[in-house]
Amino acid sequence: MKAIVLDNPLISHKLSIIRSKETGTKEFREIVGEIATFLCYEAMSDATLTEVEIETPICKTKAKKLDENKYAFVPILRAGTGMLDGLLRTIPNAKIGHVGLYRNEETLKPVRYYYKMPSDIANREVIVLDPMLATGGSAIDTITMLKEDGVKKIKFLSILSAPEGLKKLEEVHPDVQVYTAAVDEKLNEVGYIVPGLGDAGDRIFGTK
(Lines give C-alpha, C1' and ligand atoms only; values in the text may rest on other atoms or scores of the structure.)
Protein backbone atom coordinates (compact mmCIF):
# COMPACT_ATOMS: atom_id res chain seq x y z
CA MET A 1 0.00 0.00 0.00
CA LYS A 2 1.10 3.57 -0.62
CA ALA A 3 1.28 5.86 2.38
CA ILE A 4 -1.66 8.18 2.95
CA VAL A 5 -0.26 11.67 3.51
CA LEU A 6 -2.48 14.23 5.24
CA ASP A 7 -2.33 17.19 2.87
CA ASN A 8 -4.01 19.88 4.93
CA PRO A 9 -3.07 23.54 5.55
CA LEU A 10 -3.66 23.23 9.30
CA ILE A 11 -1.34 20.24 9.56
CA SER A 12 1.29 22.04 7.47
CA HIS A 13 1.04 24.95 9.90
CA LYS A 14 1.42 22.66 12.93
CA LEU A 15 4.39 20.90 11.36
CA SER A 16 6.17 24.21 10.78
CA ILE A 17 5.96 24.90 14.51
CA ILE A 18 7.36 21.56 15.69
CA ARG A 19 10.09 21.56 13.05
CA SER A 20 11.50 24.80 14.48
CA LYS A 21 14.33 24.31 16.95
CA GLU A 22 12.95 27.29 18.89
CA THR A 23 9.76 25.42 19.86
CA GLY A 24 9.78 24.37 23.52
CA THR A 25 8.91 21.01 25.06
CA LYS A 26 5.35 21.89 26.15
CA GLU A 27 4.25 23.23 22.78
CA PHE A 28 6.05 20.45 20.90
CA ARG A 29 4.33 17.76 22.99
CA GLU A 30 0.90 19.35 22.60
CA ILE A 31 1.18 19.67 18.81
CA VAL A 32 2.40 16.08 18.39
CA GLY A 33 -0.79 15.01 20.21
CA GLU A 34 -2.93 17.24 17.98
CA ILE A 35 -1.42 15.85 14.78
CA ALA A 36 -1.86 12.32 16.13
CA THR A 37 -5.58 13.04 16.55
CA PHE A 38 -5.82 14.13 12.91
CA LEU A 39 -3.99 10.97 11.82
CA CYS A 40 -6.38 8.84 13.86
CA TYR A 41 -9.41 10.43 12.20
CA GLU A 42 -7.99 9.51 8.80
CA ALA A 43 -7.01 6.00 9.88
CA MET A 44 -10.56 5.36 11.13
CA SER A 45 -12.20 6.31 7.83
CA ASP A 46 -12.88 2.64 7.03
CA ALA A 47 -14.19 1.73 10.50
CA THR A 48 -17.31 -0.46 10.76
CA LEU A 49 -20.24 1.06 12.64
CA THR A 50 -23.22 -0.62 14.27
CA GLU A 51 -26.70 0.89 14.12
CA VAL A 52 -28.30 1.44 17.52
CA GLU A 53 -31.40 3.17 18.82
CA ILE A 54 -30.89 6.17 21.10
CA GLU A 55 -33.11 8.86 22.53
CA THR A 56 -32.23 12.50 22.01
CA PRO A 57 -33.86 15.25 24.12
CA ILE A 58 -36.40 15.45 21.28
CA CYS A 59 -37.19 11.86 20.23
CA LYS A 60 -35.93 8.34 19.58
CA THR A 61 -33.72 7.89 16.54
CA LYS A 62 -31.26 5.56 14.88
CA ALA A 63 -27.55 6.28 15.27
CA LYS A 64 -24.27 4.61 14.38
CA LYS A 65 -21.67 3.65 16.99
CA LEU A 66 -18.12 2.35 16.96
CA ASP A 67 -17.16 -0.75 18.92
CA GLU A 68 -14.20 0.78 20.76
CA ASN A 69 -13.30 -2.60 22.28
CA LYS A 70 -12.09 -3.82 18.86
CA TYR A 71 -9.02 -1.57 18.89
CA ALA A 72 -5.58 -1.40 20.47
CA PHE A 73 -2.92 1.30 20.28
CA VAL A 74 0.72 0.25 20.36
CA PRO A 75 3.21 3.10 20.83
CA ILE A 76 6.86 2.27 20.17
CA LEU A 77 8.78 3.44 23.24
CA ARG A 78 9.57 6.01 24.01
CA ALA A 79 8.60 8.62 21.43
CA GLY A 80 5.40 6.82 20.39
CA THR A 81 3.85 7.53 23.78
CA GLY A 82 3.86 11.21 22.83
CA MET A 83 1.14 10.43 20.27
CA LEU A 84 -0.97 8.31 22.60
CA ASP A 85 -3.11 10.98 24.28
CA GLY A 86 -4.15 12.29 20.88
CA LEU A 87 -5.61 8.90 19.96
CA LEU A 88 -7.16 8.21 23.36
CA ARG A 89 -9.14 11.42 22.99
CA THR A 90 -10.87 9.82 20.01
CA ILE A 91 -11.15 6.17 21.15
CA PRO A 92 -10.79 6.26 24.95
CA ASN A 93 -11.71 2.60 25.50
CA ALA A 94 -9.01 1.15 23.24
CA LYS A 95 -6.52 -1.12 24.95
CA ILE A 96 -2.83 -0.19 24.97
CA GLY A 97 0.24 -2.33 24.31
CA HIS A 98 3.87 -1.25 24.45
CA VAL A 99 6.97 -2.14 22.46
CA GLY A 100 10.39 -1.06 23.68
CA LEU A 101 13.06 -0.71 21.01
CA TYR A 102 16.22 1.34 20.86
CA ARG A 103 18.49 2.00 17.92
CA ASN A 104 22.01 0.59 17.86
CA GLU A 105 23.94 3.71 16.88
CA GLU A 106 26.55 1.68 15.01
CA THR A 107 24.29 -0.59 12.95
CA LEU A 108 21.19 1.69 13.02
CA LYS A 109 19.15 -1.49 13.65
CA PRO A 110 16.50 -1.70 16.40
CA VAL A 111 17.16 -3.70 19.57
CA ARG A 112 14.11 -5.02 21.48
CA TYR A 113 14.02 -4.66 25.27
CA TYR A 114 10.27 -4.69 26.11
CA TYR A 115 7.07 -6.17 24.69
CA LYS A 116 3.71 -6.19 26.52
CA MET A 117 0.33 -6.60 24.80
CA PRO A 118 -3.29 -7.06 25.91
CA SER A 119 -4.08 -10.77 26.26
CA ASP A 120 -6.64 -10.62 23.43
CA ILE A 121 -4.45 -8.62 21.03
CA ALA A 122 -5.04 -11.15 18.20
CA ASN A 123 -8.74 -10.15 18.14
CA ARG A 124 -8.11 -6.44 17.86
CA GLU A 125 -7.30 -4.01 15.09
CA VAL A 126 -3.95 -2.50 16.05
CA ILE A 127 -2.69 1.00 15.36
CA VAL A 128 1.08 1.34 15.84
CA LEU A 129 2.44 4.76 16.81
CA ASP A 130 5.87 6.26 16.19
CA PRO A 131 6.43 9.96 15.37
CA MET A 132 9.33 9.20 13.02
CA LEU A 133 9.38 6.52 10.33
CA ALA A 134 13.08 6.81 9.48
CA THR A 135 14.96 3.64 8.51
CA GLY A 136 11.79 1.59 9.06
CA GLY A 137 13.54 -0.95 11.30
CA SER A 138 11.51 -0.35 14.46
CA ALA A 139 8.23 -0.30 12.57
CA ILE A 140 9.03 -3.54 10.73
CA ASP A 141 10.11 -5.36 13.90
CA THR A 142 7.04 -4.20 15.84
CA ILE A 143 4.64 -5.25 13.09
CA THR A 144 6.40 -8.61 12.74
CA MET A 145 5.96 -9.28 16.48
CA LEU A 146 2.28 -8.34 16.31
CA LYS A 147 1.69 -10.67 13.37
CA GLU A 148 3.43 -13.46 15.28
CA ASP A 149 0.86 -12.84 18.03
CA GLY A 150 -1.94 -13.37 15.52
CA VAL A 151 -2.93 -9.76 14.75
CA LYS A 152 -4.61 -9.60 11.33
CA LYS A 153 -5.18 -5.87 10.76
CA ILE A 154 -2.46 -3.33 11.52
CA LYS A 155 -2.08 0.35 10.66
CA PHE A 156 0.94 2.57 11.25
CA LEU A 157 0.80 6.27 12.18
CA SER A 158 3.77 8.66 12.01
CA ILE A 159 4.24 12.41 12.14
CA LEU A 160 7.12 12.39 9.62
CA SER A 161 8.32 9.67 7.24
CA ALA A 162 11.44 9.22 5.15
CA PRO A 163 11.15 7.72 1.64
CA GLU A 164 13.70 5.03 2.59
CA GLY A 165 11.64 3.89 5.58
CA LEU A 166 8.39 3.89 3.66
CA LYS A 167 9.93 1.81 0.87
CA LYS A 168 11.39 -0.74 3.28
CA LEU A 169 8.17 -1.05 5.29
CA GLU A 170 6.11 -1.53 2.13
CA GLU A 171 8.47 -4.24 0.92
CA VAL A 172 8.29 -6.25 4.16
CA HIS A 173 4.69 -5.54 5.21
CA PRO A 174 2.74 -4.50 2.08
CA ASP A 175 -0.59 -5.14 3.86
CA VAL A 176 0.02 -2.43 6.50
CA GLN A 177 -1.41 0.99 5.67
CA VAL A 178 0.76 3.94 6.70
CA TYR A 179 -0.73 7.32 7.64
CA THR A 180 1.71 10.21 7.94
CA ALA A 181 1.58 13.99 8.18
CA ALA A 182 4.50 14.47 5.76
CA VAL A 183 7.09 12.62 3.70
CA ASP A 184 10.44 14.38 3.99
CA GLU A 185 13.42 14.48 1.64
CA LYS A 186 15.76 11.73 2.85
CA LEU A 187 17.79 10.22 5.69
CA ASN A 188 21.18 11.64 6.54
CA GLU A 189 24.33 9.59 7.17
CA VAL A 190 23.32 8.82 10.79
CA GLY A 191 19.74 7.85 10.01
CA TYR A 192 17.93 11.07 10.90
CA ILE A 193 15.12 12.43 8.71
CA VAL A 194 16.02 15.56 6.68
CA PRO A 195 14.81 18.26 7.16
CA GLY A 196 12.93 16.49 9.96
CA LEU A 197 12.49 17.91 13.44
CA GLY A 198 15.38 16.38 15.36
CA ASP A 199 15.00 13.55 17.89
CA ALA A 200 11.26 13.34 18.60
CA GLY A 201 11.71 11.53 21.91
CA ASP A 202 14.16 14.09 23.26
CA ARG A 203 11.91 16.95 22.19
CA ILE A 204 8.72 15.38 23.61
CA PHE A 205 10.29 14.63 26.98
CA GLY A 206 12.77 17.51 27.17
CA THR A 207 15.79 15.25 27.61
CA LYS A 208 18.13 17.38 25.50
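Summed over the stretch 95-114, residues that are within 26 Å of I35 (Cβ to Cβ) and either surrounded by fewer than 24 Cβ atoms within 10 Å (Cβ to Cβ) or touching a Pro at 6+ places or on another chain (Cβ under 6 Å) (or both) total 11. State whether one or more residues within the stretch 120-138 are in contact with a Pro (Cβ under 8 Å, 6 or more places away or on another chain), in a helix (DSSP H, G or I) and either buried (at least 24 other Cβ atoms within 10 Å of the Cβ) or among the acidic types (D, E) (or both). Yes, some residue in the stretch 120-138 is in contact with a Pro (Cβ under 8 Å, 6 or more places away or on another chain), in a helix (DSSP H, G or I) and either buried (at least 24 other Cβ atoms within 10 Å of the Cβ) or among the acidic types (D, E) (or both). For the stretch 148-180, the set of residues classified as closer than 20 Å to Y102 by Cα and without any contact (Cβ under 8 Å) to a residue 24 or more places away in the chain is empty.
Filter the stretch 18-42 down to residues that are in contact with a Phe, Trp or Tyr (Cβ under 7 Å, 6 or more places away or on another chain) and within 17 Å of M132 (Cα to Cα) and give me whichever is surrounded by the most Cβ atoms within 10 Å (Cβ to Cβ).
Quick first cut of the stretch 18-42, residues in contact with a Phe, Trp or Tyr (Cβ under 7 Å, 6 or more places away or on another chain) only: 18, 39, 42.
Filter once more, keeping what is within 17 Å of M132 (Cα to Cα): 18, 39.
Values: I18: 24, L39: 26.
Only one residue fits best here, namely L39.
Of L88, L15, all but one fail to be in contact (Cβ under 8 Å) with a residue 24 or more places away in the chain and crowded, with 16+ Cβ neighbours inside 10 Å; the exception is L15. When the stretch 198-208 is filtered for residues that are assigned to a loop (DSSP other than H, G, I, E, B) and under 22 Å from T107 (Cα atoms), the ones remaining, listed by number, are G198, D199.
Does the stretch 166-190 hold any residues that are in a loop (DSSP other than H, G, I, E, B), touching a strand residue (DSSP E or B) at 6+ places or on another chain (Cβ under 7 Å) and crowded, with 16+ Cβ neighbours inside 10 Å, and which are they?
Of the stretch 166-190, the ones in a loop (DSSP other than H, G, I, E, B) are 173-176, 184-185, 188-190.
Okay, now just the ones that are also touching a strand residue (DSSP E or B) at 6+ places or on another chain (Cβ under 7 Å), so 176, 184-185, 188.
Answer for the stretch 166-190, where residues must be in a loop (DSSP other than H, G, I, E, B), touching a strand residue (DSSP E or B) at 6+ places or on another chain (Cβ under 7 Å) and crowded, with 16+ Cβ neighbours inside 10 Å: V176, D184.
Restricting attention to the stretch 139-153, the residues being surrounded by fewer than 19 Cβ atoms within 10 Å (Cβ to Cβ), in a loop (DSSP other than H, G, I, E, B) and hydrophobic (A, V, I, L, M, F, W, C) number 0.
One residue alone among V5, V52, V74 is closer than 16 Å to I127 by Cβ and modelled with pLDDT of 95 or more, and that residue is V74.
Can V32 be described as at pLDDT 95 or above, part of a strand (DSSP E or B), within 30 Å of D202 (Cβ to Cβ) and within 19 Å of the chain's Cα centre (by Cα)? Talk me through it step by step, then tell me what you get.
Numbers: at pLDDT 95 or above: yes; part of a strand (DSSP E or B): no; within 30 Å of D202 (Cβ to Cβ): yes; within 19 Å of the chain's Cα centre (by Cα): yes.
For V32, the condition - at pLDDT 95 or above, part of a strand (DSSP E or B), within 30 Å of D202 (Cβ to Cβ) and within 19 Å of the chain's Cα centre (by Cα) - is not met.
Within the stretch 45-76, being surrounded by fewer than 17 Cβ atoms within 10 Å (Cβ to Cβ) and either in contact with a helix residue (DSSP H, G or I) (Cβ under 7 Å, 6 or more places away or on another chain) or hydrophobic (A, V, I, L, M, F, W, C) (or both) holds for A47, L49, V52, I54, I58, C59, A63, L66.
Take the residues of the stretch 148-165 that are in contact with a strand residue (DSSP E or B) (Cβ under 7 Å, 6 or more places away or on another chain) and of a type in the set (D, E, K, R): which is nearest to K70 (Cα to Cα)? First the steps, then the outcome.
Step one: of the stretch 148-165, the residues in contact with a strand residue (DSSP E or B) (Cβ under 7 Å, 6 or more places away or on another chain) are 151, 153-165.
Filter once more, keeping what is of a type in the set (D, E, K, R): 153, 155, 164.
Details: K153: 11, K155: 14, E164: 32 Å.
Once the filter is applied, the top-ranked residue is K153.
Out of all the residues in the stretch 55-74, is one or more over 24 Å from G136 (Cβ atoms), hydrophobic (A, V, I, L, M, F, W, C), without any contact (Cβ under 8 Å) to a residue 24 or more places away in the chain and assigned to a loop (DSSP other than H, G, I, E, B)? Steps first, answer last, please.
To start, the set of residues in the stretch 55-74 that are over 24 Å from G136 (Cβ atoms) comprises 55-70.
Narrowing the set further to residues that are hydrophobic (A, V, I, L, M, F, W, C) leaves 58-59, 63, 66.
This time we only want the ones that are without any contact (Cβ under 8 Å) to a residue 24 or more places away in the chain, so: 58-59, 63.
After this cut, where a residue has to be assigned to a loop (DSSP other than H, G, I, E, B) as well, the list is 58-59.
Yes, the stretch 55-74 has at least one match.
The values are calculated or read from the model by the stated rules, or taken from the named source; none is laboratory data. All of these numbers come straight from a predicted model, not from anything done at the bench. Positions of Cβ are generated from backbone atoms using ideal geometry, with glycine treated the same way; all protein chains shown enter the neighbour counts.
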